[in-house]
1. Search region 258-278 for residues that are small (G, A, S) and pair each with any residue that is away from the ligand (no atom under 16 Å from the Cβ) when their beta-carbon atoms are under 7 Å apart and the residues are at least 6 apart or on different chains.
2. Among the listed residues D199, D194, D211, identify the single one that is more than 19 Å from D133 (Cβ to Cβ), part of a strand (DSSP E or B) and not aliphatic (A, V, I, L, M).
3. Within region 171-200, how many residues are within 16 Å of the ligand (Cβ to nearest atom), loosely packed, with under 14 Cβ neighbours inside 10 Å and acidic (D, E)?
4. Does region 110-125 contain at least one residue that is under 23 Å from T291 (Cβ atoms) and in a helix (DSSP H, G or I)?
5. Could you tell me whether H158 is within 26 Å of R235 (Cβ to Cβ), within 15 Å of the ligand (Cβ to nearest atom) and out of contact with any Cys (no Cβ under 6 Å at 6 or more places or on another chain)?
6. Could you tell me whether any residue of region 42-54 is in contact with a strand residue (DSSP E or B) (Cβ under 7 Å, 6 or more places away or on another chain) and closer than 30 Å to H263 by Cα?
7. Name the one entry in L249, L242 that is under 29 Å from S126 (Cα atoms), outside any helix (DSSP H, G or I) and either within 14 Å of the ligand (Cβ to nearest atom) or touching a Lys or Arg at 6+ places or on another chain (Cβ under 7 Å) (or both).
8. Just for region 161-170: of the residues that are buried (at least 24 other Cβ atoms within 10 Å of the Cβ) and away from the ligand (no atom under 16 Å from the Cβ), which one is nearest to P219 (Cα to Cα)?
Amino acid sequence: MLSLFYHRIYTDGLSPNASFPRDRYRLLEKRLKDQPNIDLLRPRRAEKEEITSVHDSEYVNDFLKGTLSEKAIRRIGLRPWTSEIVERTLRVTGGSLQATEHALKNRTIAGNMAGGTHHAYRDFGSGYCIFNDVAICALAALQRPEVNRVLSLDLDVHQGDGTASILSDEQRVFTCSIHSKSNFPFRKQTSDLDVPLDDEIGDEAYLEYLDETLNEIQPENFDLILFQAGVDSLRSDALGKLALSREGLQTRNQRVFQYHKNHGIPLVIFMGGGYAKPIHDSIDAFEDLFTAAAEYASQPL
Ligand SMILES: [Zn+2]
């Protein structure tokens, strides 16, 4: 059974007039809610202290009080903001934290049907990302006695720049990002391992890079994998520049899940980007992702 955190505020907390495709959560929930091996769970709110373990407290306070500058809001996007943006952000972050707790406690795969907000930096948000849930979950996990090393595996088409920046001095987290070289963010950060890809790369070349990457990080002794599983590397994505097929992404997911299984390492899925036009291609790819995860979650490590 896959524990997957979801709240209707994931959609409803964003304005219907925002350029961000807010309906993707609602549409995906419809596809997944009757699957027998997926348990949709309501996320808690993240605590302020959990967020300030990673983020600058002035930034966090300004966001929570609604006093961020217009410039700071513009950098994040998701505009026009709703009165529920705070509640939404706390639930999304809480869902990621709970998925992490669940994966570690049960030594399995768990997921959040949102999050992977990897463009958020310590003291500002960017690119649809307010708080960096990947970094927050990494540090929360490291507080547990059984967790000494964490792998952040970011396969969203955009570089995990915020994650790399926040965790640059954290030796216990290995950050790896495979992304489009020419895409946003235009000023890249340095992950522990970056794999920048040329435009229009398709399944075969992509999967070769992925295999090489997974082989390279194999010797590391990880206790947890944080998998940013964005599907915006899909050919039909409006914000990606790569050319993966639905089948290519399915294989990508299988390789990551097999790595988790072969090495016996709990894994958390953060949904990440997906902006196909029409959105249904992204929904298909996310459905594939969570359906495959549910199969692996049913087989204990
Ligand atoms: Zn992305």
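1. G264/L301
2. Values: D199 fails: part of a strand (DSSP E or B); D211 fails: part of a strand (DSSP E or B).
The conditions single out D194.
3. Counting residues in region 171-200 that are within 16 Å of the ligand (Cβ to nearest atom), loosely packed, with under 14 Cβ neighbours inside 10 Å and acidic (D, E) gives 1.
4. Pass one, region 110-125, residues under 23 Å from T291 (Cβ atoms): 110-116.
This time we only want the ones that are in a helix (DSSP H, G or I), so: none.
No.
5. yes
6. Yes - at least one qualifying residue is present in region 42-54.
7. Only one candidate qualifies: L242.
8. L167
A short reminder: the numbers here are calculations on the coordinates, not readings from a lab. Keep in mind it's a predicted model, so treat the numbers as computed, not measured. Note: ideal-geometry Cβ built from the backbone for every residue, glycine included; neighbour counts use all protein chains shown.
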